[in-house]
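Single-structure report; data block below.
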Amino acid sequence: MVPDLARRTFLAGSASIAAGAACSPFAQAASTQAPITGRKLRIALSNSFIGNKWRIMMENVYKAALQMEPYKSEVTGTWFNSGNDVAAQSQQLSNLISQRFDAILIDAASPTGLNGILRQAMARGILVVSFDNVVTAPNVLKVHLDEFGFGVTWAEWLAKKLNGKGNVIMVTGVAGTYDNDQRNAGAESVWKKYPDIKVVNQYTGMWDSSVAERNTAAILPSLPKIDGIWCQGGTDGVLKAFISAGRVPLPPTAGTAENGFRKFMIGYMGQKVEGISIDDPPYESVVALELARSVLRGTYPRKDITLPSPVVTTETVKVGETVFPDQPDSLVAVFTDSGPNAVVEFCVDAALQGTPCGSRLDVRLPTV
């Protein structure tokens, strides 16, 4: 048993402040809105895709936060899932607008397809905070990471491990989303520099380990020797498919932060993989919640927040800090990756079950 695991922390690291909203008439009006005081804030989470463990954990920590102070006393929060369907999420947003929420937090089905309905929300004075799969609509506040950089980092690491030559598979995410498109574009920018690296197949894993395992198992018999794996979600499922197919030893793998993947990095199921692990933290929803609360209360400026992209490799992975052998493979193991400058602390039960870790949650947004 990992000591004190129930109190382990998710860390957002030393987040940085990005550029503020454009100086449009709406931005100018929004910046002068009086702070909301004397009542609870009404904040809704609009999520699209809910078909993987990351999204479940993202909602769980949001639910846990709402049961802890200051949110328990200051926020009436709700959450909704539309599926990966722009029309369905647009209708969902229309319903939230009609209910006059103070703020809407959105993990979007499309970076552009919801811009129109979000402009309607902002025109009615509703604060919109986009996180994870962010939107391109001006004046929407954003909590995000460098997703293009994820794709670049994975591909560059693989290229170096392969000495610039070999067969690679790309396991992509949910089509049409910002993260998927940016990560793929980052990888493609690297492959162009290495003509001897061949992407022999590109297929979706839907950011889900079971889907990635099933799809990999279906495609492997038709593929030649695979020298490297580039995977933007469901990495442990891909490796399990390789083991089931007898494709061992496992090739160097660039992937996300599934606890199962990191178990393979220390030795799991009789195999050990050389890997690099990077991921979005599921607590982006709670950083977005705190940003909305602070802006609406008038205690924080209307600024985007860019979170860091901590990296774990086979050489740096640590039991009890960045991998947890006694926890499920599906756990997104982004705990102490970002060093000592944590901005939010969560227990494991919050991520797995949506239960509060205590009476109070301290989310420390970056100092402006």
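Observations
- Positions within the stretch 60-98 being touching a residue at least 40 places away in the same chain (Cβ under 8 Å) and of a type outside the set (A, V, I, L, M), in sequence order: 60, 62, 63, 67, 69, 70, 71, 74, 77, 84, 89, 92
- Answer from 134, 128 - the residue that is assigned by TED's automatic domain parsing to the domain that holds residue 292, part of a strand (DSSP E or B) and either more than 19 Å from residue 42 (Cα to Cα) or under 19 Å from the mean Cα position of the chain (by Cα) (or both): 128
- Hits in the stretch 321-351 - residues which are touching a Ser or Thr at 6+ places or on another chain (Cβ under 9 Å), modelled with pLDDT of 80 or more and either among the aromatic types (Phe, Trp, Tyr) or surrounded by fewer than 18 Cβ atoms within 10 Å (Cβ to Cβ) (or both): 321, 346, 349
- Of the helices (runs of 4 or more DSSP H) lying entirely inside the stretch 40-116, those containing at least 3 residues that are under 16 Å from the mean Cα position of the chain (by Cα) are 53-66.
- Cβ-Cβ distances below 9 Å connect the following pairs, each with a first residue in the stretch 191-218 that is under 12 Å from residue 235 (Cβ atoms), a second residue that is in a loop (DSSP other than H, G, I, E, B) and among the charged types (D, E, K, R), and a separation of six or more residues or different chains: 209/329.
- Looking only at residues of the stretch 137-165 that are under 18 Å from the mean Cα position of the chain (by Cα) and charged (D, E, K, R), we find that the one that is farthest from residue 91 (Cα to Cα) is 146.
- Scanning the stretch 291-310 for residues that are part of a loop (DSSP other than H, G, I, E, B) and at pLDDT 90 or above, we see that the one that is nearest to residue 131 (Cα to Cα) is 302.
- Residue 174 being in the same structural domain as residue 233 (by TED's automatic domain parsing) and buried (at least 22 other Cβ atoms within 10 Å of the Cβ): yes
- Which numbered condition residue 262 fails, given (1) closer than 20 Å to residue 148 by Cα; (2) surrounded by 22 or more Cβ atoms within 10 Å (Cβ to Cβ): (1)
Rundown of residues vs (1) in the same structural domain as residue 258 (by TED's automatic domain parsing); (2) in a loop (DSSP other than H, G, I, E, B); (3) surrounded by fewer than 23 Cβ atoms within 10 Å (Cβ to Cβ), yes/no style:
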| position | (1), (2), (3) |
| --- | --- |
| 167 | yes, no, yes |
| 181 | yes, no, yes |
| 187 | yes, no, no |
| 195 | yes, yes, yes |
| 198 | yes, no, yes |
| 202 | yes, no, yes |
| 207 | yes, yes, no |
| 216 | yes, no, no |
| 221 | yes, no, yes |
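- Test set (1) at pLDDT 95 or above; (2) in a loop (DSSP other than H, G, I, E, B) - residue 175 fails condition number: (1)
The values are calculated or read from the model by the stated rules, or taken from the named source; none is laboratory data. Please read all numbers here as calculations on a predicted model, not as lab measurements. FYI the Cβ positions are ideal-geometry reconstructions off the backbone, even for glycines, and counts take in every protein chain you see.
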